[in-house]
Structure formats: C-alpha cells, structure tokens
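Engineer: Next up is a structure, given as structure tokens.
The values are calculated or read from the model by the stated rules, or taken from the named source; none is laboratory data. In this text, all values refer to a predicted model and were calculated from it rather than measured experimentally. Cβ placement follows ideal geometry from the backbone for every residue including glycine, while neighbour counts extend to all protein chains displayed.
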Amino acid sequence: MSTSLASILASEPDFSRQRLLESLSEAEAEALLYDWRFWARPSQIEPPGDWRFWFFKAGRGAGKTRSAAEWVIEQVRSSPTPIRIALVGKTPADARDVMVNGDAGIIQRSPPWFCPVYHSSKRLVLWPNGSTATLYSSYQYDTLRGPAHHIAWADEIASWRYPDATFSNLDFGLRLGENPRCVISSTPRPIRLVKDLIARDGKDVVVTGGSTYDNRANLPKAFLDAIIRRYEGTPLGEQEIHARVIGDTPGALWRRAMIDATRVVRHPDLVRVVVGVDPQGTKSADGEEATHETGIICAGLGEDGHGYVFDDASIDDLPDKWAAAVVACFNRFGADLVCGEVNFGGQMVEWTIRTVQPLIPFKPVVASRGKYIRAEPISALYAQGRVHHVGMFGGLEDEMCSYVSRPGARSPNRLDALVIGLTELMLEGRAPGDLGLSL
C-alpha cells in the first residue's frame, strides 16, 4: 500500500472510501492493515520538529504502547542501514511481555514480511535488515552504562524502580547516528523525572498525550467500566485516566517531597525483615470500601535504626495467587515474619498463606481503629527522616500521597500493608492503643 493511496483513502468520504476498500487486492489490503499512519489518531503519530525525546503522556488504555511500538518499527523499516535500539521497561518481564511480545508490542504489530525474531537468551530482537534491539530494565540500570544506540523506547518511566539513574544512563547512550531520539510512553506520576521532561517541552522534548476516553472505541467495555468505576472523579483519576500530573492531596499524611527527601538506592545491613499483608476484601473499623487487591510490602529495620522499604509485591488476584506472592516475597528477602491483617478474613488469612508454606512465621494483626489513624505514627517516622524507600514504588506512593479518610473511600491496601510492616519493625513495644492496633 503506497502512502499516496492511504492518503486518498483517509481523505475520501465514507461511501467513497468503502468502494475503494472493496476494490483493493489482497496484498494491498494486507499492506493497509499494517499502515499505522492510516489507522492512528493524530496524537499517536510522531510529532514534527527537532526533538530528542517524544513524551507520549497518556492515560491507561490510551494506546501509548501501540504508538511507541509502531514508531520503533517505522524507524527500523525506513533506515537505509541497520540501527541499534534500546528497549527499557520497568522490569525485564515488562520489557519482554509488553514491549516485545505483548498484543501492542513490536512483534505483534510488525508486518509478516518484516517481522523480527526475539532471542530471549540474549535479550535481543533481530530484524531482517540487521537492526537489533536490546532489552533493559530499571531494576538493572547499570546495564545501560556503556552501550550506544541510535534510538530508544522508554516505557512507563513513572513506574521505574530507579527512574533518574536509568534515564540518565539511557540518555548518555543515545549517541549513534545523526539524530538519536527516544520515544517515552507513560502514564504520568508527579516524580522528578516526569516534571523535568514536561518542563523541557518545546526544547529538546515534545510532549503529546491523550486520555483513556480517546481510545474508548478500541477498549473492552469491561476494562473501561472498571477503570472509570475505580478512578473517575478521584485525584488518581486525573492521573490514570486523563494523564494529568497531580499534586499532593490536601489532608493526606504523606507528601511526595517527604518521600523523595529520604529515598535511597540501597540499604544498610538489616537486623530484621518483615512482610506486611493487607488481604483483598478487608474492611477497616471505619467502614471503608473493600477492594480486590492484596497489599504486600516488604520492609526491613537497618542497623542504623531506620526503616527501609524495598519491595511492593501487591497483587490483584485470587487467594491462592496472593498467598503464593506473599510466600515468594518472604523467601526472596529472607524475611523473619509475615504480619497480616485479619479483620475481615480471620484465620482464613493465615490458613491461606500456610497452604503454600505451612511453617511460615505469621502474626495476625487486628485493626481496632481506622486506617488513617493507624497510619499517623508511621507518617511521623517519615517526617523525622527515619524511613527510606529503596528506589521508587509508584502504586504505593500514589496511595500514600492521595489517601484521605472520608466515607466511601477505597481501602488503600498497599498503604495498610506498609503500616502493618513498619509498625511491627519500628513501633513494637508501644501500647496497642497508641498504635490503633489490638494484637
């Protein structure tokens, strides 16, 4: 399908376009199927201008992954010589399962006559023309130190574990060819990297975007309904649906600056490690709405007496799945104890976890007061600079900085798991009434 014919089809009225489509040969129809510029919304097409970074800032399901994958494919197809590409995701699995093999990823969106092959053992995507893409993750940002690339795709930067270090290494590696460039596809969060990129809009960065609603014609109704029901009308809805960078929520116990001020990239030797668990379907004493997500947060007490949060393994799945995630987290970090809230499920919580690992040390926690009140002493520890996040935990920090106590508020399971774990580590020995806990 030539670009001119695609342009003609796009400009024709509906009745004329239908006749033209029916007249296409099988080869022309297949070529049209893979002509992204014919199908895409204007905001999904590479913007004009002399930019180094294209930041496609969009809500969930807005088509940002597809847009970035199509851009990479187009760069490879149009290059007269082989090029080298960096594909950077939050985790190695995200880079593989979303960027490369996902429904909107590079392999699925490539035309059959120009489809690359993924070599998992080498973390390498190889195209017929010799172009290559190497997979990287924000958990292993040092692997980006040294390699050079012509172009790059950075996916969901706002959820990266170490965003600043990862992006800095990626930027230094964009040094091949006459015009090295990078597409960034992400739902925004008010982190330093996102704010910096937006501030550079019109300089070396071009920011485009869209909301979940822009792509509603291509989204399953169940997905759209779930996203709207969960987020619309809330501060997080501005972020997750409309892709706006939100500020701190008035009345929330945490501020982004408070967490950033003590963030670290590694922790000292630990004297104790605990996994805090807030199971799905729990309700607090103040009647907050139940959720289907299980909060699973791993934290440790350092030799310096400070708390270190170093994993968020929270999961939205059935009990056998979240129990397996709890046990995996416990074993991965050599934890000493699992502390789980048992208000709603009683002994079911402990039993469910023990079906996976029967002898796992478990301490039941019964909440006698609301989540907000229980969180206050933990917030005070952050304000005193005594708790540190080892890297960034987007979902957890969103809850911390947006949760306020009000009727009908969704239960912040990640936040509650954090409070359970840090209470056990750092406030043990205080009177239960002081903590809002009955143990």
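Engineer: Of these, GLY59, GLY63, which one is within 30 Å of GLY237 (Cα to Cα), assigned by TED's automatic domain parsing to the domain that holds SER186 and touching a Ser or Thr at 6+ places or on another chain (Cβ under 7 Å)? Please lay out each step first, then the result.
Structural biologist: Details: GLY63 fails: touching a Ser or Thr at 6+ places or on another chain (Cβ under 7 Å).
From the options GLY59, GLY63, the qualifying one is GLY59.
Engineer: If I filter region 68-89 for residues that are over 20 Å from the mean Cα position of the chain (by Cα), surrounded by fewer than 18 Cβ atoms within 10 Å (Cβ to Cβ), among the charged types (D, E, K, R) and closer than 22 Å to GLY210 by Cα, do I get at least one hit?
Structural biologist: yes
Engineer: Here is a further query. Residue pairs, Cβ under 9 Å, 6 or more apart or interchain, first in region 299-317 and in contact (Cβ under 8 Å) with a residue 40 or more places away in the chain, second assigned to a strand (DSSP E or B) and polar (S, T, N, Q). List them.
Structural biologist: SER314/THR294
Engineer: Check whether at least one residue in region 217-236 is in contact (Cβ under 8 Å) with a residue 40 or more places away in the chain, crowded, with 17+ Cβ neighbours inside 10 Å and among the polar types (S, T, N, Q), and report yes or no.
Structural biologist: no
Engineer: Does ASP214 meet the test of being assigned by TED's automatic domain parsing to the domain that holds ALA95, of a type in the set (Asp, Glu), under 27 Å from GLY391 (Cβ atoms) and surrounded by 15 or more Cβ atoms within 10 Å (Cβ to Cβ)? Full working, then the answer.
Structural biologist: On the way: assigned by TED's automatic domain parsing to the domain that holds ALA95: yes; of a type in the set (Asp, Glu): yes; under 27 Å from GLY391 (Cβ atoms): no; surrounded by 15 or more Cβ atoms within 10 Å (Cβ to Cβ): yes.
No; evaluated as a whole, the condition is false for this residue.
Engineer: Further, regarding this structure: Output the residues belonging to region 100-119 that are assigned to a helix (DSSP H, G or I) and farther than 20 Å from SER78 by Cα.
Structural biologist: At the first step, the residues of region 100-119 found to be assigned to a helix (DSSP H, G or I) are 100, 106-109, 112-114.
Listed by number, the list is empty, since nothing qualifies.
Engineer: Ok, one more. Go through region 222-274 and count every residue that is more than 19 Å from LYS195 (Cα to Cα), β-branched (Val, Ile, Thr) and within 21 Å of the chain's Cα centre (by Cα).
Structural biologist: Matching residues across region 222-274 total 5.
Engineer: Select from region 344-364 the residues that are among the aliphatic types (A, V, I, L, M) and modelled with pLDDT under 90 and write down the one among them that is nearest to GLY276 (Cα to Cα).
Structural biologist: VAL349
Engineer: Select, from VAL88, VAL98, the only residue that is touching a Leu at 6+ places or on another chain (Cβ under 9 Å) and not hydroxyl-bearing (Ser, Thr, Tyr). Lay out the reasoning, then the answer.
Structural biologist: Details: VAL98 fails: touching a Leu at 6+ places or on another chain (Cβ under 9 Å).
Answer to the selection: VAL88.
Engineer: Pull up region 149-190, narrow it to residues that are part of a helix (DSSP H, G or I) and aliphatic (A, V, I, L, M), then point me to the one that is surrounded by the fewest Cβ atoms within 10 Å (Cβ to Cβ).
Structural biologist: Kept after step one, since they are part of a helix (DSSP H, G or I), are these residues of region 149-190: 157-159, 163-173.
Retained after the next criterion (residues that are aliphatic (A, V, I, L, M)): 157-158, 165, 170.
Values: ILE157: 26, ALA158: 21, ALA165: 17, LEU170: 23.
Of everything passing the filter in region 149-190, ALA165 is surrounded by the fewest Cβ atoms within 10 Å (Cβ to Cβ).
Engineer: What are the residue pairs meeting all of these: first residue in region 115-141, first residue among the charged types (D, E, K, R), second residue buried (at least 17 other Cβ atoms within 10 Å of the Cβ) and at pLDDT 95 or above, Cβ atoms under 7 Å, and 6 or more apart or on different chains?
Structural biologist: Partner pairs satisfying both residue conditions: ARG123/THR134; ARG123/LEU135.
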